[in-house]
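Presented below is the structure to which this report refers.
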Amino acid sequence: REIGAASTVLLKNKNGALPLKRPRSIFLAGSDSGPAREAGPNAFRDQTGNDGILAMGGGSGTANLTYLISPYEALQARARKDRTTVSWIFDDFNVARAGNMAIGTSAAIVFVNSDSSEGSDRTNLTAWHGGDDLILAVAAQNNNTIVVTHSVGQLIVEPWIDHPNVTA
């Protein structure tokens with residue numbers, strides 16, 4: 001946990017959006033917020049796949065995970081303690097539904113990623129799975145949109161970082 005916390009970079013925290021302070025409701029958007037849909041965290045040889053939360057890049061320097069707690073699972077556990085209502089969508093491409101589900105929630109947290117592995121370099125520096133469109137659709141409907149990125153390298157954030165509703 002110490003290493004994970006130390007490796008976190010906060011690019012923006014408008015109006016003290018983070019840490020969350022027992023919100024009444026939160027909305028989670030993006031496949032990167034949830035567990036893998038197909039199989040567990042070690043489904044891909046050398047971690048060279050991207051299904052659910054991106055925990056690490058792939059290649060010969062990887063290791064199998066003994067367990068992996070997705071943001072969805074962690075936030076659900078905390079929400080039960082705080083009596084926070086949680087809604088979610090793991091479909092990265094249903095941006096209309098994601099935008100509609102974000103309406104009226106205390107915070108909307110959008111999770112995007114960008115993967116790479118040995119022998120499979122990225123061809124661009126954008127968020128994968130239409131991540132930029134997902135962020136913009138949610139931010140258009142929620143004035144407290146928080147973006148979480150899991151990326152093995154740099155990521156172009158200009159399409160959404162200055163959006164007035166992206167608070168963190």
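The values are calculated or read from the model by the stated rules, or taken from the named source; none is laboratory data. Predicted model, so just to flag it, every value in this text is computed and none were measured. Side chains included, ligands, DNA and RNA excluded: accessible areas come from the protein's heavy atoms. Shrake-Rupley method; radii C 1.70, N 1.55, O 1.52, S 1.80 Å.
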Self-check item: Percent accessible area from carbon and sulfur atoms, the chain, protein chains only, probe 1.4 Å
Solution: 51
Quiz item: Amide H of Ser25: which non-local residues (sequence gap of 5 or more, or other chain) have their own amide H closer than 5 Å, using H built in the peptide plane?
Solution: Thr85, Ser106, Ala107
Quiz prompt | 222 nm mean residue ellipticity, helices alone, for the chain (DSSP H n ≥ 4; -39,500 (n - 2.57); rounded to 500) | solution = -5500 deg cm²/dmol
Exercise. Report, please, the projected area of segment 77-168 averaged over directions, based on the convex hull of its C-alpha atoms, in nm².
Key: 6.7
Practice problem: Using every pair of alpha-carbon atoms in the chain, split the distances into 5 Å bins beginning at 0 and state the percent of pairs per bin, rounded to integers. | Solution: 1, 9, 17, 21, 22, 15, 9, 4, 1, 0
Quiz item: What residues have an amide H closer than 5 Å to that of Ala36, excluding those fewer than 5 places away on the same chain, when H is modeled at 1.01 Å from N in the peptide plane?
Solution: Ile53
Exercise. Mind checking the per residue accessible area of the chain for me, 1.4 Å probe, whole number of Å²?
Key: 57
Practice problem: Could you bin all the Cα-Cα distances of segment 117-159 into 10 Å bins starting at 0 and give me the percent of pairs in each, rounded to whole numbers? | Solution: 24, 51, 19, 5, 0
